[in-house]
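The values are calculated or read from the model by the stated rules, or taken from the named source; none is laboratory data. These figures come from a predicted structure and were not determined experimentally. Every residue, glycine as well, gets a Cβ built from its backbone with ideal geometry; the counts of neighbours run over all protein chains shown. Note: areas computed on protein heavy atoms with side chains; ligands, DNA, RNA excluded. Shrake-Rupley method; radii C 1.70, N 1.55, O 1.52, S 1.80 Å.
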Amino acid sequence: WLMVLADGGSAVFTGVMLVLVSAGRLETWSASLLVAASASCNALQWPAYEAAIVAMVPAAKLGRADGLCELTRGAAQLLAPPLAGALLGRIRLQGILLIDFLSFGAGILALLSVSIPAHAAEKKTEGSVLRDFRTDVKAAWGFITERPGLLAMLMLFALTNFTFAVVELLMKPLVLSFGTPLQVGLVLSTVGV
């Protein structure tokens with residue numbers, strides 16, 4: 001249900017952006033807020049998606065399933081930018097946002113048609129959700145800090161993601177200053193490689 005709610009939230013924010021673009025009222029600040037809100041929905045969806053995979057796939061085939069999921073993420077990173085760049089000239093931003101909006105509906109329908117088994121429930125003692133959350137975070141942090149290699153990898157990923165986010169943010173306007181949207185898409189696809 002968390003994935004359905006996350007897709008629904010992203011659909012709402014994309015729909016608002018579509019309405020604003022169609023009305024000629026989309027501003028930089030409103031686009032930034034709507035994209036941030038949609039990204040927050042994605043941040044909720046991915047852990048739920050990964051948990052669903054663990055619940056649905058037998059342990060012996062989990063590596064293969066994870067590999068296929070990573071393949072789809074990589075394919076999206078490689079194919080979506082040039083496709084969006086090519087479509088932008090033909091169907092404009094409104095068309096791209098409409099496709100995005102409709103894709104959330106397809107995702108929600110797919111989620112509603114699949115039965116995801118529940119995880120085995122842990123025995124919980126009476127307590128607040130916040131206390132359970134703090135206990136889980138403390139346990140997770142303890143697990144990470146006991147393994148120096150895992151901690152180093154986590155720090156490397158944090159640094160790399162921050163650096164790439166800054167570069168990606170600046171790269172799009174830079175390439176658009178002398179190139180086309182399709183060329184921006186090709187550059188982003190090359191970065192994905």
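What do you reckon, is residue 31 more than 23 Å from residue 182 (Cβ to Cβ), open to solvent by less than 50 Å² (accessible area, probe 1.4 Å) and part of a helix (DSSP H, G or I)?
no
In region 96-113, what residues are free of Cβ contacts under 8 Å to residues at least 24 places away in the same chain and either under 21 Å from the mean Cα position of the chain (by Cα) or more than 24 Å from residue 8 (Cα to Cα) (or both)?
Listed by number, the residues that qualify are 96, 99, 102, 103, 106, 109, 110.
List every residue pair whose Cβ atoms sit under 9 Å apart, with the two residues 6 or more apart in sequence or on different chains, where the first one lies in region 119-143 and is closer than 18 Å to residue 47 by Cβ and the second, anywhere, is at pLDDT 75 or above.
If the second residue must be at pLDDT 75 or above, the pairs left are 119/51; 119/54; 119/55; 143/150.
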